[in-house]
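Reviewing the structure listed below.
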Amino acid sequence: MTNATRRFPAALYSQGSDPDARFSLANERTYLAWIRTSLALIASGVALEALGLNLQDGLRLSASVVLIVAGIAAPVQAWFGWMQIERALRLDRPLPAARLASPIGAAVSVAGILVVFAVVLA
């Protein structure tokens, strides 16, 4: 069994050649940053609703749901982004852009706007 087939995902590691370890480790740190972001988004959405702040109920709930959904999307971005970047590094190709970064950023902005309106209308 080769080293490439012992690593997960084997299909990725069987392509190309190992890049400089610093780049792979930086890619892994980015993956972990997306995971931390996911946890923070989910925790923020839960806290916003669970604390029962004196905010307009419908807007507070909407902001909570938007944050939680964004928190669910972030690990998807983490996994597929890590895979795409690792593949590009192994094949010496240009690095791809993060596909879900803009939608997740927009979701956070929408949640912030909803909270502002919930505060003003409370």
Dipole of the chain [Lys/Arg +1, Asp/Glu -1 at C-beta], most positive-end residue of 89, 58, 106: 89
Residue among 81, 52, 71 with the largest mean-square fluctuation in a Gaussian network model of the chain, springs linking Cα atoms under 10 Å: 52
Under 10 Å, Cα contacts only: if you run a Gaussian network model on the chain, which one of 43, 70, 78 comes out with the highest mean-square fluctuation? 43
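Only the coordinates and a few stated rules stand behind these numbers; no lab work does. Remember, predicted model here, so these are calculated numbers, not experimental data. All Cβ positions, even for glycine, are placed from backbone atoms using ideal geometry, and neighbour counts span all protein chains on display.
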